[in-house]
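K.L.:
This is the structure I want to talk about, given as structure tokens.
The values are calculated or read from the model by the stated rules, or taken from the named source; none is laboratory data. Bear in mind that the values here come from a model prediction, so they are computed numbers and not experimental data. Cβ placement follows ideal geometry from the backbone for every residue including glycine, while neighbour counts extend to all protein chains displayed. Ligands, DNA and RNA are excluded from the accessible area calculation, which covers all protein heavy atoms including side chains. Shrake-Rupley method; radii C 1.70, N 1.55, O 1.52, S 1.80 Å.
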Amino acid sequence: MPASTSLSSKHHTLIQALLSRGPLKESEFRSIFHKVTGKSPDHQVFNDYISDINDELSYVQLELRKCLNQYDGKAYYGVVNTVSDEHSKLGTKYSVPQIALYKGILEAIVQDTAGEGSISNIDALNIRLENQVLSGVDSQSQDNSTEIPSALKNFSMSQKDKTLEEFVHDQWLCSISDGRIGLGVRSFLDLRSWFHDNEVPTCQVCNEAAVKVKRVCPGCGTQWRLVAKREAAEEQEADDQDGPSENTSQPDPSARKRLRTSKGVDRNTQESDSTITSSTLSGSRRLTRSSARRAAAA
Amino acid sequence: MSSARDELSQFDISNEEKDKLVGEVIRCILFKTTQNNGCPIKREELTQIVTKKSYRQKNLPAFVINEAKSKLSSIFGYELRELQRSRPSSATQKTRVGSSQQSGADAKSYVIISQLPADVYKKYVENDETSHVTGFTFVVLGIIHLAGGKITEDNLWHHLRRLGLGENEDKLALEALVQQRYLQKDKVSGPEGYTLFYEFAERALDEAVNRRIKEYVMEIVQKDASPRDAD
């Protein structure tokens, strides 16, 4: 019987630190590593620890992952969920309206044609949430006149404001100085494959999803260029991905120019996802920065 | 290792199937702990992961939970502590429909507890943002312990007020202790109407916790050599 690497209490300390304290800055995490193991957090030893941990965590579809906070350029480590199932869908303390708000903000940020990677607080509070719930619900019928849940109707401005604070505190969103809101570390950690599915442009050099794209790629510092040629390539990729899906929209040229709604069935069940986003995002609309730009120009 | 294989063969499921079930039970425990803010998870919530997949083997749920316990320890360093649900208090007593033959096993619930040494836990794992909650928990349990394991609501708040806590601001924190099964409430009728009592529930009655409450209280009492004013 193949023996898996047994994790020591040192490994456990690292895992529990991340689970208990949330995503940690790389410097902090490496410092804990050094204090716990007595070893210098240089490349090989540190990487071996992470790799051994991930071998074990894969048993329960979790992963110890590093990501980049695109606003301060710092790397963070966290334990993330890699598969969306009924347990992770329930494993959130947020309510349906709160998750709808998060989804709305996420889409607005990613759609932002200026590539700022953030939206104003006011805009965040004014996002229309009904669309979020409708597109995320696993509807049996094609009838789109589903009732807007009363929880959504009763979601007041002050409650939304409090929710924003909570998201910032929990690191799903972050507060950027001049009254703007951006994605938090947890979002960067968890949503890697959502970014991909929604064709958020990536840096050609380091593959980081580019949420904040002013001038240079936050991942590797490469000069960022969003050129027409890449947009065309993205559209091609989008069409290919659309093939086996059960979208009601037709894969014809005019459809590319509209924001597509994916109704009902999840496109695939093995999407990577987080506890907050899970199935609420898997049925969401496909957005591309280029289609948004086209819609704005129309 | 061969005994484990023998054990598995009696259930007629493959290793992969077993791993899948165990993984699911662990994920259920982890996510529910987050969602429920540390409230114990009922055993039936875990066993139904096995039974709802039409696995009919009688001892399979127990086997899977055992494996999950072992994995939680080896992967995360968490102990899966089993708690026996205490008798329901009179305030919450309901007739349990059709569950008479299961009442023994189903009264079990689970919490996860770190197996790291206390100093390591405090240094690297403990979340400073929630340590005041731990402090509050200890204070409440200590007071009730000194009162003999049961105390009236009025008396409890009398003592908490001396520490600067108040019924208006801190009622929710006390309620959380009830939800987390450290305490349970008991309404007792008397000549002047109802009196609300707080007493230890299974989490506080758990041997390890109970012992530590006693130890800490003893420590404090022994340190305090000077005479105190009577109330």
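K.L.:
As an exercise, use a Förster radius of 35 Å and the Cβ-Cβ distance of residue B:19 and residue A:89 to find the FRET efficiency, rounded to the nearest 0.05.
P.N.:
Efficiency computed from Cβ-Cβ geometry: 0.95.
K.L.:
With a 1.4 Å probe and every protein chain kept in, tell me what percent of the accessible surface of the stretch B:14-80 is carbon plus sulfur.
P.N.:
Of the solvent-accessible surface of the stretch B:14-80, carbon and sulfur hold 45 percent.
K.L.:
Let me ask you something else. Counting Lys +1, Arg +1, Asp -1, Glu -1, what net charge surrounds residue B:167 among other residues with beta carbon under 11 Å of its beta carbon?
P.N.:
Taking every other residue near residue B:167 into account, the sum is -2.
K.L.:
Measuring from centroid to centroid over Cα atoms, what is the spacing of the stretch B:124-187 and the stretch B:191-220 in Å?
P.N.:
Between the Cα centres of the stretch B:124-187 and the stretch B:191-220 lies a distance of 10 Å.
K.L.:
Could I ask something else about it? Quick one: if you stick a label point 7 Å off each Cα along the C-beta vector at residue B:62 and residue B:146, how many nm between them?
P.N.:
Taking the simple label geometry, residue B:62 and residue B:146 are separated by 4.4 nm.
K.L.:
R0 = 45 Å: FRET efficiency of residue B:52 with residue B:192, Cβ-based, nearest 0.05?
P.N.:
It comes out at approximately 0.35.
K.L.:
Counting each DSSP H run of 4 or more residues in chain B as -39500 (n - 2.57), what helix-only mean residue ellipticity at 222 nm follows after dividing by all residues, to the nearest 500 deg cm²/dmol?
P.N.:
Result for chain B: -15000 deg cm²/dmol, rounded to the nearest 500.
K.L.:
Same structure, new question: Please report, as a whole percent, how much of the solvent-accessible surface of the stretch A:1-86 comes from carbon and sulfur atoms (probe radius 1.4 Å).
P.N.:
Within the stretch A:1-86, the accessible surface is 47 percent carbon and sulfur.
K.L.:
Could you work out what % of the accessible surface of the stretch B:154-214 is carbon and sulfur, using a 1.4 angstrom probe and leaving DNA, RNA and ligands out of the count?
P.N.:
After summing per-atom areas, the C and S share lands at 48 percent.
K.L.:
Also, quick follow-up: Where the eigenvalues come from the Cα gyration tensor of the stretch B:111-231, what are the semi-axes √(5λ) of the equivalent ellipsoid, largest first, in whole Å?
P.N.:
Semi-axis lengths for the stretch B:111-231 are 26, 19, 15 Å.
K.L.:
Of A:89/B:171; B:53/B:122; A:153/B:20; A:39/B:32, which sit over 32 Å apart, Cα to Cα?
P.N.:
B:53/B:122; A:153/B:20; A:39/B:32
K.L.:
At 0.36 nm per residue, minus the direct Cα-Cα distance, what do residue A:114 and residue A:166 gain on full extension? Give it in nm, one decimal, please.
P.N.:
That pair, residue A:114 and residue A:166, stretches by 16.1 nm at full extension.
K.L.:
Residue by residue, what Karplus-based ³J(HN,Hα) values in Hz, rounded to whole numbers, does the stretch A:9-26 have, using 6.51, -1.76 and 1.60 with θ = phi - 60° and x for Gly and Pro?
P.N.:
5, 5, 4, 4, 4, 5, 5, 5, 4, 5, 5, 7, 9, x, x, 10, 4, 4
K.L.:
The stretch A:1-75 to the stretch B:6-53: how many Å between their Cα centroids?
P.N.:
Result: 25 Å between the Cα centres.
K.L.:
If you don't mind, there's one more thing I want to ask. Go through the stretch A:52-61 residue by residue and turn each phi into a ³J(HN,Hα) via Karplus (6.51, -1.76, 1.60, θ = phi - 60°); whole Hz please, and just put x for glycine and proline.
P.N.:
Using θ = phi - 60°, the values come out as 5, 4, 5, 4, 6, 5, 5, 4, 10, 6 Hz.
K.L.:
What do you get for Rg/Rh over the stretch A:10-95 if you use C-alpha atoms and the Kirkwood form of Rh?
P.N.:
Across the stretch A:10-95, the Cα-based Rg/Rh ratio is 0.99.
K.L.:
Report which residues of the stretch A:44-83 become buried by 40 Å² or more of accessible surface when going from the isolated chain to the complete set of protein chains (1.4 Å probe; DNA, RNA and ligands ignored).
P.N.:
Correct list: A:56, A:59, A:60.
K.L.:
At 0.36 nm per residue, and after removing the present C-alpha to C-alpha distance, how many nm does the segment from residue B:84 to residue B:139 gain when stretched out fully?
P.N.:
Between residue B:84 and residue B:139, full extension yields 17.5 nm more.
K.L.:
Computed over the Cα atoms of chain B, what is the convex hull's projected area averaged over all directions, in nm²?
P.N.:
One quarter of the hull surface, i.e. the mean projection, equals 17.1 nm².
K.L.:
Keeping all protein chains in place and using 1.4 angstrom, which order do B:200, A:33 fall into by accessible surface area, from largest down?
P.N.:
B:200, A:33
K.L.:
Set the Förster radius R0 to 30 Å, insert the Cβ-Cβ distance between residue B:11 and residue B:35 as r into 1/(1 + (r/R0)^6), and round the FRET efficiency to 0.05.
P.N.:
Result of the calculation: an efficiency of 0.50.
K.L.:
Among all helices in chain B defined by DSSP H, which have a length of 15 Å or more along the axis from Cα atoms plus a Kyte-Doolittle mean of at least 1.0?
P.N.:
Qualifying helices: B:131-146.
K.L.:
Given H placed on each backbone N at 1.01 Å, which residues far from residue A:117 in sequence or on other chains put an amide H within less than 5 Å of it?
P.N.:
For residue A:117, the qualifying residues are A:213.
K.L.:
Kindly compute the accessible surface that chains A and B hide from a 1.4 Å probe when together, both sides summed, and give it to the nearest 100 Å².
P.N.:
The A and B chains share an interface burying roughly 2800 Å².
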